[in-house]
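Undergrad: My structure is below; once you've seen it, I'll send some questions.
Values quoted throughout were computed directly from the atomic coordinates according to the rules given, and no laboratory measurement underlies them. Keep in mind that what you see is a predicted model, and the values were worked out from it rather than measured. Note: ideal-geometry Cβ built from the backbone for every residue, glycine included; neighbour counts use all protein chains shown.
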Amino acid sequence: MIGSAARFPDVTRRDAGTILVSPWIVGTPERQHAAIEATLAEWSHRTDTAGFLSLSGFASADGSSVLNYAQWTSDAAHLAFMQSARPALVREIDTVVPGIERPGVVRYRLHRSVVPDTCRRRVPGIMVAVTFDVEGPDVQRALIDVLVTRGPALTDPHPGLIAAHFHVSVDGNRVLNYSEWTSAAAHADFLASSTSARTRPLIEAMRGVTSFGFVRYHLHGSIAAPAAPA
């Protein structure tokens with residue numbers, strides 16, 4: 001599905017064996033939209049690719065970048081696509097939007113999700129990506145445990161928070177909190193609150209953790225593989 005009616009991905013779907021997150025630096029809102037539309041158009045006739053589940057194109061609120069969030073059944077399926085079909089797909093996109101900067105794809109696993117009971121039927125307005133650089137798998141798990149069990153942001157969540165989905169990179173070097181919020185205003189209100197102020201020292205006290213900060217994104221479009229026959 002492409003456009004404003006696109007649905008946020010089902011982050012917790014059980015058949016997603018691997019998650020690929022790829023930021024693109026494009027520079028302007030016009031190039032954001034063109035890059036996402038070109039990507040989804042290319043994928044519109046590739047949705048039957050073995051192992052592909054979904055792709056969501058997010059546009060950063062500042063107009064400078066795009067975040068591609070893709071779900072696949074396995075690393076093997078994605079790597080087979082990378083070797084066979086990805087070069088041609090990228091060439092087509094670059095023909096439409098030349099000069100895209102691609103810092104690289106990060107391969108993640110979903111480690112833990114927190115969805116307050118009162119929020120299970122709420123529809124996200126934005127996604128906020130909070131990224132941490134960490135020193136190894138043990139620190140990945142420890143950071144998430146601290147944030148979930150002791151962090152006021154989740155033990156006493158802001159009413160605008162819908163869900164927090166913690167991802168760990170396969171290489172052990174990164175944690176991504178893919179968080180869903182009702183609106184950018186709600187997230188800004190949280191950042192100005194005492195709850196946010198009380199959460200920061202917990203992170204700063206941890207060894208081997210460096211915060212990369214956050215980026216607010218709006219979902220521009222998404223596409224999914226056809227449903228399997230019943």
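Undergrad: Under 5 Å between amide H atoms, partner at least 5 residues away or on a different chain: which partners does residue 113 have, H built in plane at 1.01 Å?
TA: Excluding prolines and chain starts, which carry no amide H, the hits are 166.
Undergrad: May I pose another question? For the stretch 110-217, state what percent of all Cα-Cα pairs lands in each successive 5 Å bin, counting from 0 Å until the bin that includes the largest distance.
TA: Reading the bins upward from 0: 2, 13, 24, 27, 20, 10, 4, 0.
Undergrad: Using only the Cα atoms of the chain, build the gyration tensor, take square roots of its eigenvalues as a ≥ b ≥ c, and label the shape rounded, prolate or oblate: rounded if a/c is under 1.5, else prolate if a/b is larger than b/c, else oblate.
TA: It comes out prolate by the Cα gyration axes.
Undergrad: Using only the alpha-carbon atoms, how far is helix 86-96 inclined from the longest principal axis of the chain? Give it as 0 to 90 degrees, nearest 10.
TA: It works out to around 90 degrees.
Undergrad: Right, here's the next one. Report the GluC sites (Glu not before Pro) located in the stretch 79-165 that are in a DSSP loop and have at most 15 other Cβ atoms inside 10 Å of their Cβ, or state none.
TA: Answer in residue order: 135.
Undergrad: Which length gain, in nm to one decimal place, applies between residue 41 and residue 73 when the Cα-Cα distance is subtracted from 0.36 nm times their residue separation?
TA: 9.4 nm
Undergrad: Sticking with this structure for a sec: What FRET efficiency would be calculated for the residue pair residue 113, residue 150, taking the C-beta separation as r and a Förster radius of 22 Å, to the nearest 0.05?
TA: 0.80
Undergrad: Let me ask another. Which trypsin sites (Lys or Arg not before Pro) in the stretch 8-63 pass both tests, a DSSP loop state and at most 13 other beta-carbon atoms within 10 Å?
TA: The qualifying sites are 13, 14.
Undergrad: Please report the net charge: other residues with Cβ closer than 12 Å to the Cβ of residue 46, K and R +1, D and E -1.
TA: -2
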